[in-house]
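*Asks:* Could you have a look at this structure, given as structure tokens, before my questions?
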Amino acid sequence: MEEEALIKGLRARNKQSQEYLYEKYSAALFGVISRIIFDRDIAEEVFHDAFVKIVTKIDNYDASKGRLYTWMANICRNSAIDKTRSKEFSKKSKTNTIDAYVYGMESNADTAAAVDGIGVKELMNDLNEEQRFVMECIYFKGYTHTEVAEKYALPLGTVKSRIRSAIKVLKKKADKI
Amino acid sequence: MDIQAYISSGKLELFVLGDLNETEQQEVLAMAKKYPEINQEILAIEDAMLAIDQASAVSPSPKLKDKIFDTLESEDKAPIPLSSEEAKASSEKASNIKAVSTSNPWKTFAVAASVVAVISVSTAIYYANQYFAVEQRFAIALQQNAVLAEEMQTNQVQLKELNSGMEKFISGDFEKILMKGEDFPMQKDAAVDVFWDKDSKEVLLSVNQLASLDPTNDYQLWAIGEEGPIGIGLVDPGKKFDLQIMDIASDAQAFAITIEPKGGSESPTLEKLVVLGEVS
């Protein structure tokens, strides 16, 4: 299904389009949330709300500002970040680090749902330490690039160029799969 | 415009990550419209993000899908669409109200604790102030005590001097010589008594009236005999009606006091003669 047709269907509240959207993107989007929220129950709760929001607020999506997936991923990412910054969350859980995440994935290998791709651990393998650190802050802890720059006294330009180079490395790796 | 520099700045990645503010977003969108290379790059980054997310995708549990679609269906049917988020918000509000009422005892405790804290703090401040006030008064008392002790010592020294003067005076055979300033222009009202024991040669002096001098000058007592005037000590004009012990005078027909430069002179400055008294 072409993206345009999908969007049209979603705007028309077409159940098939919604199902298709779920089948095609739920794993990727849930992956975005799971990176930030390690607790699976909370991650699913956040994904539930985020996906419902995506479907019901589809009219807010503006195709001129980017692809549908980008818009959806940002809704999921922001929902997850909001959750980690809520009072309720800080009591229950702590923010993920790559290691906690990877360790968690490994230790829960039997009970956790299948990791569809190669998993975050392998994906991050090819990053150098600097790239890894910046991606950990932004991807896993949900910091903004300005927060990373301030917190770790890095020049903004440095943070930005590390993000760029990290994404390049990750893309190359993802394409190989 | 250096398109390549703009692309490699990392700003486009932040744009895709939703990590730019409204103004910056508008700027990137405008640039993308203007420069096809930038638009291409944004699309490439979006593809990269999707590829990365798909490579690290995690499937939610199958139950969750049913739950989500149940929610979506019930929202479709609901006369007033209420997203689960808003529903949660309103239920949270309700539970907040409950929480407020159930948390009342805690508030009471909190209020009580604050009152106790305020009382303790003010009591502490009150006693601290008292302590400092007492400390200050104690310091003042100590200082006064020291002053008094010093004064007493001075008085004792004076008393000793006076006693020895008195002893000499009583034991000796002193002749009193009145010295007056009436005949001299310096101090008409000056009056000093000299007591002289011709045998022991001792001289005592008592000031009745002498003007105080500026600090560069002193009164000097002279014994005038066959060999002319001999300085026999400086006179303290402040010690009135007090016996001052002077140097000995072996021979004197008269005694005189002149004003001399501080510390006294070898011979008297006659223009500054203050009093004179002849031995009878």
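Since every read-out is calculated from the coordinates, none of them should be taken as a lab result. For clarity, every value in this text was computed on a predicted model and none was experimentally measured. Because the Cβ atoms are built from the backbone with ideal geometry, glycine has one as well, and the counts that use them run over all protein chains shown.
*Asks:* Show which aspartates and glutamates lie in cross-link reach of residue A:15 when reach means a straight Cα distance below 17 angstrom and same-chain residues fewer than eight apart are skipped.
*Replies:* A:2, A:3, A:4, A:23, A:59, B:66, B:70, B:73, B:75, B:76
*Asks:* So, in Å, what gap is there between the alpha-carbon centers of region B:1-64 and region B:131-146?
*Replies:* Taking the Cα centre of region B:131-146 as reference, the centre of region B:1-64 is 77 Å away.
*Asks:* Would you mind getting me the FRET efficiency between residue B:44 and residue A:64? Use the beta-carbon distance for r and R0 = 25 Å, nearest 0.05. Could the numbers behind the result be given before it?
*Replies:* Working: r = 18 Å, r/R0 = 0.71.
That gives a FRET efficiency of 0.90.
*Asks:* Indicate the gyration tensor shape class of region B:174-278 (rounded, prolate or oblate), computed on the Cα atoms with a ≥ b ≥ c the square roots of the eigenvalues: a/c under 1.5 is rounded; otherwise a/b larger than b/c is prolate and the rest oblate.
*Replies:* Details: a/c = 1.43, a/b = 1.27, b/c = 1.13.
Note, shape of region B:174-278 comes out rounded.
*Asks:* Quote the convex hull volume per residue of the protein assembly as shown, based on C-alpha atoms, as a whole number of Å³. Don't jump to the answer; show the numbers that get you there.
*Replies:* Working: hull volume 174.9 nm³, N = 457.
Dividing the Cα hull volume of the protein assembly as shown by its residue count gives 383 Å³.
*Asks:* Which of B:238, B:222, B:274 sits closest to the plus end of the dipole of region B:206-280, meaning its Cα is farthest towards the positive end, when Lys and Arg get +1 and Asp and Glu get -1 on the C-beta?
*Replies:* B:238
*Asks:* Please get the size of the charge dipole for region B:3-58, origin at its Cα centre, with Cβ charges of +1 on Lys and Arg and -1 on Asp and Glu, quoted in debye to the nearest 20. Mind dumping the intermediate values first?
*Replies:* On the way: 3 positive and 10 negative charges, 34 e Å.
Computed about the Cα centre, the dipole is about 160 debye.
*Asks:* Need one value for A:40-53: mean number of C-beta atoms belonging to other chains within 10 Å of its residues' C-beta atoms. Write down the numbers at each step before the final one.
*Replies:* Working: counts 3, 1, 0, 3, 6, 4, 0, 4, 8, 6, 2, 7, 9, 3.
The per-residue average across the peptide is 4.
*Asks:* Just going by the charge dipole of chain B, with Lys and Arg at +1 and Asp and Glu at -1 on Cβ, which of B:207, B:162, B:39 is farthest out on the positive end?
*Replies:* Positive-end residue among those listed: B:39.
*Asks:* Here's something else I'd like to know. What's the FRET efficiency of residue A:11 with residue B:61 using the Cβ-Cβ distance as r and R₀ = 35 Å, to the nearest 0.05? Don't jump to the answer; show the numbers that get you there.
*Replies:* Numbers: r = 29 Å, r/R0 = 0.81.
The formula returns an efficiency of 0.75 here.
*Asks:* Return B:213, B:72 ranked ascending by Cβ neighbour count within 10 Å, so the fewest neighbours appear first. Kindly include the intermediate steps, with their values, before the conclusion.
*Replies:* Values: B:213 14, B:72 19.
The most exposed by this proxy come first: B:213, B:72.
*Asks:* Under the classification rounded if a/c is under 1.5, otherwise prolate if a/b is larger than b/c and oblate if not, where does chain B fall, given a ≥ b ≥ c as square roots of the Cα gyration tensor eigenvalues? Write out the running numbers ahead of the final one.
*Replies:* Details: a/c = 7.30, a/b = 3.34, b/c = 2.19.
Cα axes put chain B in the prolate bin.
*Asks:* Give me the dipole magnitude in Debye, nearest 20, for the protein assembly as shown about the Cα centre, with unit charges on the beta carbon: positive for Lys and Arg, negative for Asp and Glu. Before the final figure, lay out the partial values.
*Replies:* Values: 53 positive and 71 negative charges, 823 e Å.
The calculation lands at about 3960 debye.
*Asks:* Any idea what the dipole of region A:1-94 comes to, in debye rounded to 20, about its Cα centre with Lys/Arg Cβ at +1 and Asp/Glu Cβ at -1? Please list the in-between numbers first.
*Replies:* On the way: 18 positive and 14 negative charges, 75 e Å.
My answer is approximately 360 debye.
*Asks:* Taking the Cβ of each residue in B:212, B:8 as the centre, tally the other Cβ atoms inside 10 Å and list the residues starting with the fewest.
*Replies:* On the way: B:212 9, B:8 15.
Neighbour counts put them in this order, fewest first: B:212, B:8.
*Asks:* Which ordering of B:152, A:124 is given by a fewest-first count of other beta-carbon atoms within 10 Å? All intermediate terms of the calculation are to be shown ahead of the outcome.
*Replies:* On the way: B:152 10, A:124 22.
So the ranking, lowest neighbour count to highest, is B:152, A:124.
*Asks:* Shifting gears a bit: If each DSSP helix of 4+ residues adds -39,500 (n - 2.57) and the sum is divided by the residues in the protein assembly as shown, what number results at 222 nm, nearest 500 deg cm²/dmol?
*Replies:* Numbers: 17 runs with 269 residues, N = 457.
Rounded to the nearest 500, it is -19500 deg cm²/dmol.
*Asks:* Same structure, new question: Students often forget the sequence filter, so: which lysines lie under 16 Å Cα-Cα from residue B:180 once same-chain residues fewer than 8 apart are removed?
*Replies:* Within the straight-line limit of under 16 Å, residue B:180 reaches these lysines: B:188, B:240, B:272.
*Asks:* My understanding is that a pair violates if its Cα-Cα distance is over 31 Å; which of B:33/B:63; A:141/B:65; A:83/B:67; A:57/A:176 do that in this structure?
*Replies:* Values: B:33/B:63 43 Å; A:141/B:65 26 Å; A:83/B:67 20 Å; A:57/A:176 35 Å.
Correct reply: B:33/B:63; A:57/A:176.
*Asks:* Moving to a separate point now. Compute the length gained on full extension between residue B:136 and residue B:265: take 0.36 nm times their separation in residues and subtract their Cα-Cα distance, giving the result in nm to one decimal.
*Replies:* Working: separation 129, 0.36 × 129 = 46.44 nm, distance 5.06 nm.
Length gained, residue B:136 through residue B:265: 41.4 nm.
*Asks:* Taking every alpha carbon pair in region B:107-170, what does the distance histogram look like in 10 angstrom bins from 0, in percent?
*Replies:* 18, 19, 15, 13, 12, 9, 7, 4, 2, 0
*Asks:* How many angstrom lie between the Cα centre of region A:60-89 and the Cα centre of region A:136-173?
*Replies:* Using only Cα atoms to place each centre, the spacing works out to 18 Å.
*Asks:* What is the extension gain from residue B:254 to residue B:216, computed as 0.36 nm multiplied by their sequence separation minus the C-alpha to C-alpha distance, in nm to one decimal? Walk me through the intermediate numbers first.
*Replies:* Values: separation 38, 0.36 × 38 = 13.68 nm, distance 2.65 nm.
Going from the current span to full extension adds 11.0 nm.
*Asks:* To continue, here is another question. Averaged over B:10-22, how many beta carbons belonging to a partner chain fall within 10 Å of each residue's beta carbon?
*Replies:* On the way: counts 13, 4, 3, 11, 8, 3, 6, 10, 9, 11, 2, 2, 0.
The per-residue average across the peptide is 6.
*Asks:* Once the other residues with Cβ under 13 Å from the Cβ of residue A:59 are scored (Lys, Arg +1; Asp, Glu -1), what is the net sum? Each step should come with its number before you reach the end.
*Replies:* Working: positive: A:8, A:11, A:13, A:53, A:57; negative: A:62.
Cβ neighbours under 13 Å give a net charge of +4.
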